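Worksheet for the structure shown next.
Nothing in this text is a laboratory measurement; each read-out follows from the coordinates by a stated rule. Worth saying up front: this structure is predicted, and the values here are computed from it rather than measured. For neighbour counting, all protein chains shown are included, and Cβ atoms are generated from backbone atoms with ideal geometry for every residue, glycine included.
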C-alpha cells in the first residue's frame with residue numbers, strides 16, 4: 001500500500017541511518033580517547049576493575065618513591081659507615097704502634113684525636129632528609145630503633161595490606177647521646193688504671209711502658225677491634241638491605257608495568273580494528289543518507305499520479 005501519511009521506506013532508512021550514526025559516534029569516541037571502555041556506561045564491570053587497578057598502581061608509585069627514599073638513606077648510612085670503619089682501623093693501627101716501647105704516645109694520641117673527631121663528624125653528617133641512623137638520641141620521643149621502609153602495597157580478600165622492610169637501628173648506631181650505647185661511644189674500664197673510655201674518648205697520652213699500662217693499652221686495642229667487628233657486621237647488614245631495596249624497587253616497577261598492561265587489555269581500544277570499523281561505518285552512513293533521500297522521493301512519485 002502506498003500512503004502519503006506514512007513513508008515506511010523513509011522511516012526504515014532513517015532508523016538505519018540513526019543506528020549507523022550512533023555506532024560511528026562510538027567508534028570516533030574510541031579513536032579519540034584510545035579507550036574501548038571510557039566510562040561505566042561502556043562496561044560497568046571492566047570500568048570498575050580498571051578504576052581499582054589504576055588506584056592500586058598509583059599507590060605502587062608512592063611505594064616506589066618510598067623505596068627510593070629508603071634506598072638513599074641506606075646508601076648515605078652505608079657510605080658513612082665505611083668511612084667510619086676506615087677511621088677506626090687507623091685508630092687501631094695507632095694503638096698497635098703505641099704498644100712498641102719507646103714511642104711518643106703523646107704524638108700518637110694527637111693523631112688518634114684527629115681520627116676521633118673525624119668519626120664524630122662522619123656520624124653527624126650521615127643524614128638524609130632529616131634522618132640519621134648513625135648519630136642518634138634515644139631519649140627523643142620520636143626515636144624508633146626499628147627503621148621501617150614501605151616496600152609493597154597489596155590488595156587481598158581481607159583488604160589492603162602495606163608491607164615494610166625493617167632494619168635494627170640499635171645494632172648499627174655509632175653514637176647515642178642519651179646513654180652512650182653506640183658502637184663508638186660505648187664505654188669500657190681499664191682493668192689496672194680504672195679509666196673509663198670508649199673508642200671515641202680513649203686517651204693513651206698518659207700511659208707509660210710499665211706492665212699495667214701496657215696491659216690497659218692492649219685492652220683498648222681489643223675494645224677497638226670489637227667495635228670494628230660490630231661496625232663491619234652493621235655495614236654488611238646495610239649492604240644486604242641496600243641490595244634488597246634495589247631488588248624490591250625493580251620488582252615494584254615491573255609490577256606497575258604489568259598492572260598497566262592488564263588495565264590496557266581491559267579498556268584500551270584496538271586502533272587497527274577501530275580504523276577498519278570507522279571506514280565501514282562511513283560507507284554505511286553515506287549509503288544510509290542515499291537510501292533516505294530515495295525514500296523521501298516517493299511522495300513526489302505519488303504526486304505525479306495526479307498530474308494531467
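A few remarks follow.
- Panel order for 94, 89, by other beta carbons found within 10 Å of each beta carbon, from fewest to most: 89, 94.
- Here the gap between residue 214 and residue 143, fully extended at 0.36 nm per residue and compared with their Cα-Cα distance, gives a gain of 21.5 nm.
- Percent antiparallel among DSSP beta bridges (both partners in the chain, rounded to 5): 90 percent
- Cβ-based exposure ranking for 291, 55, 151, 142, in which fewest neighbours within 10 Å come first: 142, 55, 291, 151
- The mean of 1/r over all distinct Cα pairs in the range 29-69, once inverted, gives the Kirkwood hydrodynamic radius of 11.7 Å.
- Rounded FRET efficiency, nearest 0.05, which uses the C-beta distance separating residue 49 from residue 12 and R0 of 45 Å: 0.70
- When only alpha carbons of the range 1-78 are considered, Rg and Dmax amount to 26.3, 94 Å.
- If you wrap the Cα atoms of the range 121-245 in a convex hull and average its projected area over all directions, you get 10.3 nm².
- Of 239, 193, 264, the residue with the greatest mean-square motion in the GNM of the chain, using alpha carbon springs below 10 Å, is 193.
- Between 0 and 90 degrees, the angle of helix 8-33 with respect to the longest Cα principal axis of the chain falls at about 20 degrees.
- For the chain, the longest principal axis of the alpha carbon atoms and the long axis of helix 44-98 meet at an angle near 20°.
- Fewest-first sequence of 167, 251 by Cβ atoms within 10 Å of each Cβ: 251, 167
- Once the convex hull of all Cα atoms in the range 184-308 is built, its volume per residue stands at 176 Å³.
- Convex hull per residue volume in Å³, alpha carbons only, for the chain: 186 Å³
- Stretch gain in nm, segment residue 72-residue 250, where the contour uses 0.36 nm per residue and the Cα spacing is subtracted: 62.6 nm
- Cα long-axis angle, helix 271-296 against the chain (0 to 90 degrees, to the nearest 10): 20 degrees
- Cα-projected label distance for residue 294 with residue 42, points at 7 Å along beta-carbon direction, nm: 3.6 nm
- Net lengthening on full extension, residue 121/residue 276 (0.36 nm per residue, minus Cα-Cα): 48.9 nm
- On the beta carbon distance between residue 205 and residue 181, with R0 = 22 Å, the FRET formula returns roughly 0.25.
- Quarter the surface of the alpha carbon convex hull of the range 31-180 and you get the mean projected area, 14.7 square nanometres.
- For the chain, built as a Gaussian network whose Cα springs stay under 10 Å, the top-fluctuating residue of 218, 111, 25: 25
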